[in-house]
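Encoded as structure tokens, the structure appears first; notes follow it.
The values are calculated or read from the model by the stated rules, or taken from the named source; none is laboratory data. Keep in mind the model is a prediction, meaning the values are calculated, not measured. Glycine gets a Cβ as well: all are built from the backbone with ideal geometry, and neighbour counts include every protein chain shown.
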Amino acid sequence: MKNILKILFVILPLLILTSCFDILDKVNVKADGSGEYMLILNASKSKTSLASISKMETINGKKVPKKAEIEAKISEAAKIFKATPGISNVKTSMDFDNYIIKLSCNFRKIENINSGLEQLKSKNIIGKMIPTQIYAQNLAKNVFIRNKVNTFKNDYAKMSKADREIFNDARYISILQFENTVKTQSNTAYSLSPNRKALKLEAPIIDLILQKKQLQNTILFQ
């Protein structure tokens with residue numbers, strides 16, 4: 001679960017500022033295993049309060065990051081991703097009027113995303129205990145896997161009340177799109193599109209932290 005809370009290296013400084021934000025984690029996979037990865041933080045629902053907070057020096061005992069610091073963090077993450085073998089076409093966008101930040105890239109195989117996250121870990125962009133082996137695919141067996149992630153319950157329990165409140169109204173959306181048709185999946189918390197080529201899971205982040213909902217899924221294609 002730590003990846004949901006901290007793997008969002010490009011927007012981590014903003015998470016201390018508001019509890020009302022959406023995280024969209026989207027993967028689009030072609031039949032040959034290549035595809036596109038996209039990560040979006042949308043805090044537009046809190047843009048009025050964020051605009052006020054951005055003028056402060058600290059909040060809840062934490063330093064409020066300035067625009068230049070956030071831009072530098074995003075640029076560093078993008079540079080590392082660009083240098084990862086198998087990853088290309090890395091793009092970032094930052095809308096500081098509506099507080100929407102995006103990172104996207106293409107991959108030759110889904111495991112390249114794992115490698116990119118490993119590189120971020122090695123450069124101390126994300127913490128050493130954060131899981132990075134999130135995805136796997138076996139083309140020969142027509143299987144795509146979203147791996148199980150360790151629980152974050154104990155870490156959450158150790159947080160201050162103010163820090164825990166960050167996740168009260170936060171939501172996480174996972175979208176998995178495929179060129180191939182889905183035959184079966186192991187986690188029915190994901191809704192399957194009518195054409196059987198996309199899966200979606202949407203949940204409060206607190207439910208994922210407390211393991212009320214699981215992210216892992218094994219998807220078998222026709």
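The requirement of being among the polar types (S, T, N, Q) and either under 24 Å from Asn42 (Cβ atoms) or part of a strand (DSSP E or B) (or both) is not satisfied by Thr188. Taking Lys213 as the residue in question, decide whether it is part of a loop (DSSP other than H, G, I, E, B) and surrounded by 15 or more Cβ atoms within 10 Å (Cβ to Cβ). Against the criterion (part of a loop (DSSP other than H, G, I, E, B) and surrounded by 15 or more Cβ atoms within 10 Å (Cβ to Cβ)), Lys213 qualifies.
Within the stretch 105-125, the only residue that satisfies the criterion of being among the small types (Gly, Ala, Ser) and either free of Cβ contacts under 8 Å to residues at least 24 places away in the same chain or over 28 Å from Ala140 (Cβ atoms) (or both) is Ser122. I need the full set of residues from the stretch 191-210 which are more than 18 Å from the chain's Cα centre (by Cα) and either in a loop (DSSP other than H, G, I, E, B) or loosely packed, with under 15 Cβ neighbours inside 10 Å (or both), in order please. Correct list: Ser191, Ser193, Pro194, Asn195, Arg196, Lys197. Criterion applied to Thr48, Thr84, Thr92, Thr18 was being assigned to a helix (DSSP H, G or I) and either at pLDDT 80 or above or of a type in the set (Val, Ile, Thr) (or both), and the one residue passing it is Thr48.
Specify the residue that is nearest to the chain's Cα centre (by Cα); the eligible residues are those in the stretch 159-185 that are crowded, with 16+ Cβ neighbours inside 10 Å and not in a strand (DSSP E or B). Restricting to residues being crowded, with 16+ Cβ neighbours inside 10 Å and not in a strand (DSSP E or B), the top hit is Ala170. Tell me whether the stretch 131-141 contains one or more residues that are outside any loop (DSSP other than H, G, I, E, B), hydroxyl-bearing (Ser, Thr, Tyr) and free of Cβ contacts under 8 Å to residues at least 24 places away in the same chain. There is no residue in the stretch 131-141 that is outside any loop (DSSP other than H, G, I, E, B), hydroxyl-bearing (Ser, Thr, Tyr) and free of Cβ contacts under 8 Å to residues at least 24 places away in the same chain. Per the conditions (1) without any contact (Cβ under 8 Å) to a residue 40 or more places away in the chain; (2) buried (at least 18 other Cβ atoms within 10 Å of the Cβ); (3) farther than 25 Å from Ala43 by Cβ, the sole criterion not satisfied by Ala83 is (2). Counting the residues of the stretch 173-222 that are among the hydroxyl-bearing types (Ser, Thr, Tyr) and either touching a Lys or Arg at 6+ places or on another chain (Cβ under 9 Å) or on the phi > 0 side of the Ramachandran plot (or both) gives 6.
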